[in-house]
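The values are calculated or read from the model by the stated rules, or taken from the named source; none is laboratory data. Computed from a predicted structure; not experimentally measured. Backbone-built Cβ (ideal geometry, glycine too); neighbour counts: all protein chains shown.
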Amino acid sequence: MMNIAPLVSVILPAWNASRTIQAAINSVLQQSVFDLELIVCNDASTDTTEKLVQEVNDPRIFIINNQMNMGPGQARDQAISLARGQWVALTDADDIWAPDRLENMINAANSRDDVLVFDDTLECHDAPAGLVPWRRIYGPHAFGANGKDPVSVSFANFILQPRSLIHPLLPLSFIRKFQLCHSTRIFFEDTEFYLQLIERGIKLIYIPKAMYYYRLTPGSLSAEHAYPECKLEVFMQANTRMQLTAHNRAALEKKIHMIKRELQYFPFLKTLKMKQWGLAIKLLIKQPSLFTEFLVRLYTSVPYQIQRLRHQTKQR
């Protein structure tokens with residue numbers, strides 16, 4: 001690790017990430033902002049993750065090797081505990097960055113010590129020839145943005161988005177001031193952490209530019225879609241814990257209602273996958289709104305599956 005404190009500490013937890021780890025690392029080291037350190041927490045991987053990290057010859061890299069798997073949240077916390085930068089940037093071992101991502105995020109933060117900056121995420125197919133762009137999660141005009149300039153995001157607008165997938169830049173001093181850390185959750189530990197930051201008063205800024213490239217891999221676990229019960233628990237606990245205005249309370253309760261609708265849909269989806277047509281029809285008769293939900297999800301799923309097959313997407 002470098003002797004002089006860097007501007008940014010990039011935090012990268014990794015578990016059995018040998019197929020993608022070097023691409024993730026290189027995208028960080030090739031940023032237009034050179035003044036950074038990259039702290040990799042190898043969370044007891046059983047593949048060649050550790051070896052591949054050590055093969056990258058750059059003094060800005062520091063690796064932690066856990067003997068026992070701690071989970072993604074605590075792996076991040078281990079890395080954050082060693083961070084020395086003014087800013088902390090979070091990333092994952094199977095994703096990559098646009099070369100000017102950090103520069104844009106630091107400029108948007110404008111030296112404030114109370115802001116969390118996040119950008120748009122570009123979902124990409126994991127094809128043999130490399131990542132193939134598919135779609136943006138939020139879009140150029142999300143949160144009232146004009147498609148170009150950073151925009152402040154209210155609590156209500158943030159939580160009412162269908163997706164909560166962000167990889168932000170935030171001030172290390174804010175984390176340490178409130179002694180914040182992730183829970184031991186395996187899913188939605190990051191969302192829970194961001195809600196803690198918001199509860200302590202951090203402000204949100206959105207950059208309407210897709211600079212984070214998220215790798216879509218069939219066979220991987222997607223907490224965002226597969227574990228709504230975990231998401232519900234996080235937001236239910238936040239609703240009990242957080243002191244909110246009436247407007248923000250209403251938004252949080254609306255979010256909880258949205259997640260509960262997801263939970264109602266999954267038993268119906270299971271009947272379709274198992275070809276239990278009679279049971280599926282009974283569920284539709286009991287709750288006709290399931291058919292609308294099915295059509296909405298089909299509208300997204302079909303283009304994805306077509307593109308996945310077209311680009312010969314890799315299996316994890």
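With respect to the conditions (1) outside any strand (DSSP E or B); (2) within 20 Å of the chain's Cα centre (by Cα), P13 falls short on a single one, namely (1).
Can you find a residue in segment 299-315 that is surrounded by 12 or more Cβ atoms within 10 Å (Cβ to Cβ), in contact with a Leu (Cβ under 9 Å, 6 or more places away or on another chain), of a type outside the set (D, E, K, R) and modelled with pLDDT under 80? Yes, some residue in segment 299-315 is surrounded by 12 or more Cβ atoms within 10 Å (Cβ to Cβ), in contact with a Leu (Cβ under 9 Å, 6 or more places away or on another chain), of a type outside the set (D, E, K, R) and modelled with pLDDT under 80. For F188, are the conditions met, namely being in contact with a helix residue (DSSP H, G or I) (Cβ under 6 Å, 6 or more places away or on another chain) and either under 23 Å from R297 (Cα atoms) or small (G, A, S) (or both)? Against the criterion (in contact with a helix residue (DSSP H, G or I) (Cβ under 6 Å, 6 or more places away or on another chain) and either under 23 Å from R297 (Cα atoms) or small (G, A, S) (or both)), F188 qualifies.
Taking segment 150-187, which residues are β-branched (V, I, T) and closer than 17 Å to Q86 by Cα?
As a first pass, look at segment 150-187 and keep what is β-branched (V, I, T): 151, 153, 159, 166, 175, 184, 186.
Answer for segment 150-187, where residues must be β-branched (V, I, T) and closer than 17 Å to Q86 by Cα: just I175.
Inside segment 104-135, residues that are of a type in the set (D, E, K, R), at pLDDT below 95 and closer than 22 Å to Q161 by Cβ make up a count of 2. With respect to the conditions (1) in contact with a Ser or Thr (Cβ under 9 Å, 6 or more places away or on another chain); (2) buried (at least 19 other Cβ atoms within 10 Å of the Cβ); (3) aliphatic (A, V, I, L, M), L165 lacks only one, and its number is (2).
Determine, yes or no, whether A98 is of a type in the set (G, A, S), within 30 Å of I259 (Cβ to Cβ) and modelled with pLDDT of 95 or more.
On the way: of a type in the set (G, A, S): yes; within 30 Å of I259 (Cβ to Cβ): no; modelled with pLDDT of 95 or more: yes.
No.
Filtered by the rule that a residue be touching a helix residue (DSSP H, G or I) at 6+ places or on another chain (Cβ under 6 Å) and in a loop (DSSP other than H, G, I, E, B), segment 16-42 gives A17, S18, Q31, S32, V33. Here A210 meets the list (1) surrounded by 17 or more Cβ atoms within 10 Å (Cβ to Cβ); (2) in contact with a helix residue (DSSP H, G or I) (Cβ under 7 Å, 6 or more places away or on another chain); (3) not charged (D, E, K, R) almost entirely, failing just condition (2).
Does L52 satisfy the criteria of being crowded, with 16+ Cβ neighbours inside 10 Å and either among the aromatic types (F, W, Y) or more than 23 Å from Q179 (Cα to Cα) (or both)?
Details: crowded, with 16+ Cβ neighbours inside 10 Å: yes; either among the aromatic types (F, W, Y) or more than 23 Å from Q179 (Cα to Cα) (or both): yes.
So L52 passes the test.
I'd like the full set of residues that are under 26 Å from F178 (Cα atoms), among the aromatic types (F, W, Y) and crowded, with 20+ Cβ neighbours inside 10 Å, limited to segment 56-103. Scanning segment 56-103 gives a single hit, W87.
Where in segment 181-297 are the helices (runs of 4 or more DSSP H), entirely inside, with at least 1 residues that are modelled with pLDDT under 90, of a type outside the set (V, I, T) and closer than 25 Å to A142 by Cβ?
223-226, 228-241, 246-273
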